[in-house]
Amino acid sequence: MKDRIDKIYKRISEHSDSFLGYPLAKDFSYQEFAPFLDLCINNIGDPESPSTLAIDTKDIEKECVAFFADILSTNMKETWGYITNGGTEGNLYGLYLARESFPEAVVYYSESTHYSVKKNLHLLNIKNIVVRSQPNGEMDYDDLEQIISFRRDKPAIFFLNIGTTMTEAVDKLDEIKRIIHKYAIKDYYIHCDAAFLGLIAPFIEPKPKFDFAEGVDSIAISGHKFIGGPMPSGVVLVKRNHRNRIAHSVSYIGAMDTTITGSRNGLTPLFIWSFIQKYGKQGLIERARNSQKVSAYTEKRLKEIGINAWRNNDALTVVLDKPSNALCDKYQLASEGNIAHVICVPGIEKVQIDLFIEDLKREKKGALEEAQLV
Ligand SMILES: *Cc1c(COP(=O)(O)O)cnc(C)c1O
């Protein structure tokens, strides 16, 4: 058994060193929580209601949620939230509350939206319409406007991307508001999918508009992306009145059943909390800036060697023409059609980028020589 486990460890650790194409920070260590691996931990039910099963980290979870509320321009009086299993669950939760607010609503989301959203909509059985995207991955507002103009009478749920998966494009809240006002949409709900950018956008200039000060109803963020961690996690924040609409108490656990799953991870709140203690807002500002430097460097180096590369503003995601399958495999680059991306998360430094550039150069040279031989 030991042999097998060692092999698995080696494979994951080698591959985690080499990937460049996924938005997962690599620079964490949670060794201090190793003793917790021998405990039963469970944050079952609403984070604010104590359960009869007192083996939870809900006090820590609430502190994490309060930190997110603060960076998203709100407080715990106005909003409520919990630590999820990831961005997908947070998006599902936001859409669930949206549907409970407006059962007859139609969801509008762009074609660059994360693949899991389609499944969420299917699970919730909500009517939905896909809006075209612009080439940079941002929603095509003219297309949205045209669609809305035929459905002015219907409540609308706007599912916005604050950083799309492929190109890190940000849908513009101001454009959505303009359309809402132009067509006098009375009943609407705005959810922001900030899976990756949620922990970056509050700390960069110019700051993308997406938070509760702007009037959004819910926001989902992944924890294992910009914070990083050995297992998936996330946070969802919603306006408190939406959560109250669905709250009902379950006597078996003695807690309000306001979350998607029953049993919930009690370890991930500890990880997120320790990250917040270590970094705080100032640390996050620097963390975002460092990553932006690496992505600017990556874009520059790629262009220097004649590769077509670009970024949305100061994004950490550098989009490039898809290299060979061999290189995509070696660096675990996600691709879509003929583009791929490098995501400069914390833990990826110039040295790793340089290795990738050298490989690309070699490949280009090889292709050139081959062409000359023919
Ligand atoms: C990663 C991602 C998701 C899914 O989040 P998970 O944490 O993997 O569940 C959803 N939307 C966007 C934009 C993402 O980048």
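Skipping prolines and chain starts, which residues have an amide H placed within reach, meaning under 5 Å, of the one on Val131, given they are 5 or more residues away or on another chain?
Those lying under 5 Å, H to H, from Val131 are Tyr109, Ser110, Glu111.
Using a ≥ b ≥ c from the Cα gyration tensor of the range 28-150 (square roots of the eigenvalues), is it rounded, prolate or oblate, where a/c under 1.5 gives rounded and otherwise the larger of a/b and b/c decides, a/b for prolate?
Prolate, since a/c reaches 1.5 and a/b exceeds b/c.
What nm distance separates the two modelled labels at Lys26 and Arg289, each placed 7 Å from Cα along Cα→Cβ?
In this crude label model, Lys26 to Arg289 measures out at 2.5 nm.
Quick check for you: with a 1.4 Å probe and neighbouring chains kept, what is the accessible area per residue of the chain, in Å²? Numbers along the way, then the final one.
Numbers: 17850 Å² over 374 residues.
In whole numbers, the chain has 48 Å² accessible per residue.
Per the 1.4 Å probe, what fraction of the accessible area of the chain, in percent, lies on carbon and sulfur atoms?
Looking at the chain in its full context, I get 53 percent from C and S.
At 0.36 nm per residue, minus the direct Cα-Cα distance, what do Asn125 and Asp140 gain on full extension? Give it in nm, one decimal, please.
Here the answer is 2.9 nm.
Suppose R0 equals 51 Å. What FRET efficiency, 1/(1 + (r/R0)^6) with r the Cβ-Cβ distance, do Ile180 and His248 give to the nearest 0.05?
Computed FRET efficiency for Ile180 and His248 comes out at 0.95.
For Lys207 and Leu373, compute 0.36 nm times the residue count separating them, minus their Cα-Cα distance, and round to one decimal in nm.
Stretched fully, the Lys207-Leu373 segment lengthens by 54.6 nm.
Please identify the helices of the chain, taking whole runs of DSSP H, that span at least 27 Å along their own axis as judged from the Cα atoms and have a mean Kyte-Doolittle score of 1.6 or higher. Walk me through the intermediate numbers first.
Values: long enough: 267-304 (44 Å, -0.66); 350-373 (34 Å, -0.57).
Helices meeting the criterion: none.
Can you give the FRET efficiency for Lys281 and Ile5, using 1/(1 + (r/R0)^6), R0 = 30 Å, r = Cβ-Cβ distance, to the nearest 0.05?
In this case the efficiency is close to 0.15.
Okay, helix-only estimate at 222 nm for the chain: each DSSP H run of n ≥ 4 adds -39500 (n - 2.57), divide by all residues, round to 500 deg cm²/dmol; what do you get? Intermediate values should be presented prior to the final figure.
Working: 10 runs with 150 residues, N = 374.
Taking each H run of at least 4 residues, the total per residue is -13000 deg cm²/dmol.
Rounded to the nearest 5, what % of DSSP beta bridges with both residues in the chain are antiparallel?
60 percent
How about Lys172: which lysines have a C-alpha closer than 25 Å to its C-alpha, ignoring those fewer than 8 places off in the same chain?
Once the sequence-local lysines are set aside, what remains near Lys172 is Lys118, Lys119, Lys127, Lys154, Lys182, Lys186, Lys207, Lys209, Lys225, Lys239, Lys281, Lys293.
At a Förster distance of 25 Å, what's the computed FRET efficiency of Lys350 paired with Asn325, Cβ-Cβ distance as r, to 0.05?
0.45
I'd like to know which of His224, Leu199, Ser116 lies farthest towards the positive end of the charge dipole of the chain, counting +1 on Cβ of Lys and Arg and -1 on Cβ of Asp and Glu.
Going by the charge dipole, the pick is Ser116.
Bins of 10 Å, beginning at zero and ending with the bin holding the largest distance: percent of Cα pairs per bin for the range 89-218, please.
Per 10 Å bin, starting at 0, the Cα pair percentages come out as 13, 48, 35, 4.
If you bin every alpha carbon distance in the range 31-277 into 10 Å steps from zero, what whole percent lands in each bin?
8, 32, 35, 18, 6, 1
The values are calculated or read from the model by the stated rules, or taken from the named source; none is laboratory data. Computed from a prediction, not measured in an experiment: that's the story for all the values here. Neighbour counts are summed over all protein chains in view; Cβ atoms, including those assigned to glycine, are modelled from backbone coordinates with ideal geometry. With ligands, DNA and RNA removed, areas are computed over all heavy atoms of the protein, side chains included. Shrake-Rupley method; radii C 1.70, N 1.55, O 1.52, S 1.80 Å.
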